[in-house]
Amino acid sequence: MAKIVVTGGLGYIGSHTVVELIANKHEVVIIDNLSNSEISVLDGINSISGIKPVFEEIDICDKDSLSSVFAKHMDIQAVIHFAAYKAVGESVEDSLLYYKNNVVGMINILECMKKYNVPHLIFSSSCTVYGQPEKLPVTEEAPIQKAMSPYGNTKQICEEIISDAIHSYHSFSTILLRYFNPIGAHPSGLIGELPKGVPSNLVPFITQTAAGIRKKLLVFGDDYNTPDGSAIRDYIYVVDLAHAHVIATNRLLKQSNTQECEIFNLGTGKGVSVLEMISTFEKSTGKKIPYTIVDRRAGDIEQVWADTQSANKELGWKAGTSLQDVLASAWKWEKRIRQL
Ligand code: NAD
Ligand code: WQD
């Protein structure tokens, strides 16, 4: 058991990870400024796990406040750093907002970890760093491509900052986790994704269409070089992803006096097309999804899925939940928040 700081712990992936950390007997301190989450998520975590973790309503860009959290909890052993802005389109419109929040926030975390001798860090990175890879499935060794958006660039910059920063610490081990497309919600239906305004990701669009909030789903392109013409991604269940964080945390906690930076892809290893997502959702929930094919979305890549051998072998982790069950969990969550 260890005391773990989870930045962005009331957000989508963070909240699911907090639940799994608590189930594994870790003590969690959540730092979140509620810029993209709600305080009610804390109740959801409490209802699932029977424990209400310590919550510090802090902006990680406010270094003095951040530092005060580290000073208050002198026995922190690791930080899982989720807190960041993540809307690709918004990052194009207001890039400085993204560089400031995601990069300055990251530097503040690293400085506090150094000041208070916190030796372990897990960072939320993204498959976006690979762009459209030449070879599929994509391994961690694939070349990083020029970012398609300021958001994607913040992930690349933060990865570089971390891998440089380890050399300025006496003992600092880190794991960079590159998520593919996280989807679904906790099986209890008590926590899930809370997209503010119009969502940008596929699954919230599908569930909102099923709920009647949207008349139909727009499928962006059916002329890709894929079996059914629609784009392919690797959709990973958020609870499987949360498990991987616990395993990564426990791996780091066993290390001492190292200066290491490991990188793992977190996906299923299987690509699924947009049209397959729709048909699997329909099969799983019995809800029909009306859709229209429209032009490709600017900036979209054609297809990507993960080579997960390294995570399978080194972490002993594998995504196990079926896509049907994952999409059923997303629908259960949508029905709960819409009170259907
Ligand atoms: P999210 O927006 O649901 O969660 C992020 C949380 O961080 C929110 O609760 C928000 O309020 C908080 N936050 C943001 N800026 C903050 C700040 N300055 N100070 C304190 N709290 C702050 O996002 P998510 O989907 O859970 O993503 C978590 C992480 O994973 C992000 O770093 C994201 O870039 C990365 N990621 C997400 C995806 C995805 O598709 N969801 C894919 C790859 C990587
Ligand atoms: C998936 C597929 C769309 C909506 C984004 C970020 C990326 C990373 C993961 C954080 C694509 C299609 C979507 C719709 C559709 N996040 N689609 N109709 O594009 O893989 O990546 O999330 O790091 O940075 O850009 O995910 O869920 O937006 O789209 O046809 O209404 O669904 O074109 O092929 P994407 P997504």
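The values are calculated or read from the model by the stated rules, or taken from the named source; none is laboratory data. Please read these numbers as outputs of a predicted model, since none were measured by experiment. Virtual Cβ from ideal backbone geometry, glycine too; neighbours counted across all protein chains shown. To get the accessible areas, we keep the full protein, side chains included, count just its heavy atoms, and leave off ligands, DNA and RNA. Shrake-Rupley method; radii C 1.70, N 1.55, O 1.52, S 1.80 Å.
So residue 199 ticks every box in (1) in contact with a strand residue (DSSP E or B) (Cβ under 9 Å, 6 or more places away or on another chain); (2) closer than 19 Å to residue 331 by Cβ but one. Which box is left unticked?
All conditions pass for residue 199, except number (1).
Mind checking whether some residue in region 220-242 is within 26 Å of residue 314 (Cα to Cα), among the charged types (D, E, K, R) and open to solvent by 10 Å² or more (accessible area, probe 1.4 Å)?
Our first condition is that a residue be within 26 Å of residue 314 (Cα to Cα); within region 220-242, this holds for 233-242.
Checking the rest, the ones that are also among the charged types (D, E, K, R) come to 233-234, 240.
Now restrict to residues that are open to solvent by 10 Å² or more (accessible area, probe 1.4 Å): 233, 240.
Yes.
Within region 285-307, restricting attention to residues that are out of contact with any Gly (no Cβ under 7 Å at 6 or more places or on another chain) and aliphatic (A, V, I, L, M), which residue is most open to solvent (accessible area, probe 1.4 Å)?
Among them, the one singled out is 298.
Can you tell me which of (1) within 11 Å of ligand 2 (Cβ to nearest atom); (2) open to solvent by less than 50 Å² (accessible area, probe 1.4 Å); (3) among the hydroxyl-bearing types (Ser, Thr, Tyr) is the one residue 200 doesn't meet?
Result: residue 200 passes all but (2).
Among the residues of region 119-147, which ones are open to solvent by 20 Å² or more (accessible area, probe 1.4 Å) and closer than 24 Å to residue 255 by Cβ?
119, 139, 140, 141
What strands (runs of 3 or more DSSP E) completely inside region 210-269 contain at least 1 residues that are away from ligand 1 (no atom under 16 Å from the Cβ)? Outline the logic, then answer.
Working: elements: 217-220, 235-237, 259-266.
Per the criteria, 217-220, 259-266.
Does region 146-163 contain at least one residue that is more than 20 Å from the chain's Cα centre (by Cα), more than 16 Å from ligand 1 (Cβ to nearest atom) and not aromatic (Phe, Trp, Tyr)?
So the first thing to find is which residues in region 146-163 are more than 20 Å from the chain's Cα centre (by Cα), and the list is 146.
Still in the running and more than 16 Å from ligand 1 (Cβ to nearest atom): 146.
With not aromatic (Phe, Trp, Tyr) added as a condition, the list becomes 146.
Yes, because at least one residue in region 146-163 is more than 20 Å from the chain's Cα centre (by Cα), more than 16 Å from ligand 1 (Cβ to nearest atom) and not aromatic (Phe, Trp, Tyr).
Can you tell me how many residues in region 312-330 are open to solvent by 20 Å² or more (accessible area, probe 1.4 Å) and either farther than 21 Å from residue 177 by Cα or of a type in the set (A, V, I, L, M) (or both)? Working first, answer last.
Of the residues in region 312-330, the ones open to solvent by 20 Å² or more (accessible area, probe 1.4 Å) are 312-314, 316, 318-325, 328.
Checking which are either farther than 21 Å from residue 177 by Cα or of a type in the set (A, V, I, L, M) (or both) leaves us with 319, 322-325, 328.
Total meeting the criteria: 6.
Could you please find all residues in region 178-197 being surrounded by fewer than 23 Cβ atoms within 10 Å (Cβ to Cβ) and either closer than 30 Å to residue 257 by Cβ or more than 10 Å from ligand 2 (Cβ to nearest atom) (or both)?
Result: 179, 186, 187, 188, 189, 190, 194, 195, 196, 197.
Could you tell me whether region 148-162 includes any residue that is of a type in the set (Asp, Glu), open to solvent by 10 Å² or more (accessible area, probe 1.4 Å) and away from ligand 2 (no atom under 16 Å from the Cβ)?
Yes, that holds for at least one residue.
Tell me whether region 65-76 contains one or more residues that are open to solvent by less than 50 Å² (accessible area, probe 1.4 Å), among the polar types (S, T, N, Q) and closer than 30 Å to residue 336 by Cα.
no
Open to solvent by less than 20 Å² (accessible area, probe 1.4 Å), within 8 Å of ligand 1 (Cβ to nearest atom) and touching a residue at least 12 places away in the same chain (Cβ under 8 Å): does that describe residue 34?
no
Return the only residue of 49, 15, 40 being among the hydroxyl-bearing types (Ser, Thr, Tyr) and more than 22 Å from residue 244 (Cα to Cα).
40 is the lone residue from the list that is among the hydroxyl-bearing types (Ser, Thr, Tyr) and more than 22 Å from residue 244 (Cα to Cα).
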